[in-house]
Amino acid sequence: MQIKYNFNFDQIIDNYVVILVCKSLDDEFMSMIKAERGENNSGSTMVLSLIQNGRFTIANIGDSSAMLLK
């Protein structure tokens, strides 16, 4: 019996890398705020667009939003 998967492992790895980069940037931003102010009650937002291999991906974190207009 052969099991077939519908996973695109390259896409999963790419998504994971994007998540790691976003987390790293957020951690760095929050550390800078804490160092400057002595406290950390700030937040960050982000809009990300990625075009890779003919595929367009857009994501947002926090209060930011993105729209695709034609």
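A short reminder: the numbers here are calculations on the coordinates, not readings from a lab. All values derive from a computational prediction rather than experimental measurement. Here the Cβ positions follow ideal geometry from the backbone for every residue, glycine too, while neighbour counts run over all protein chains shown.
Of note:
- Extension gain, Val21 to Ala66, is 14.3 nm, computed as 0.36 nm per intervening residue step minus the present C-alpha separation.
- FRET efficiency estimate (nearest 0.05) - Cβ-Cβ, Glu36 to Asp14, R0 30 angstrom: 0.35
- From phi via Karplus (6.51, -1.76, 1.60), per-residue ³J(HN,Hα) for segment 44-59 in Hz, x at Gly/Pro: 9, 10, 7, 10, 10, 10, 9, 10, 8, 6, x, 10, 10, 10, 9, 9
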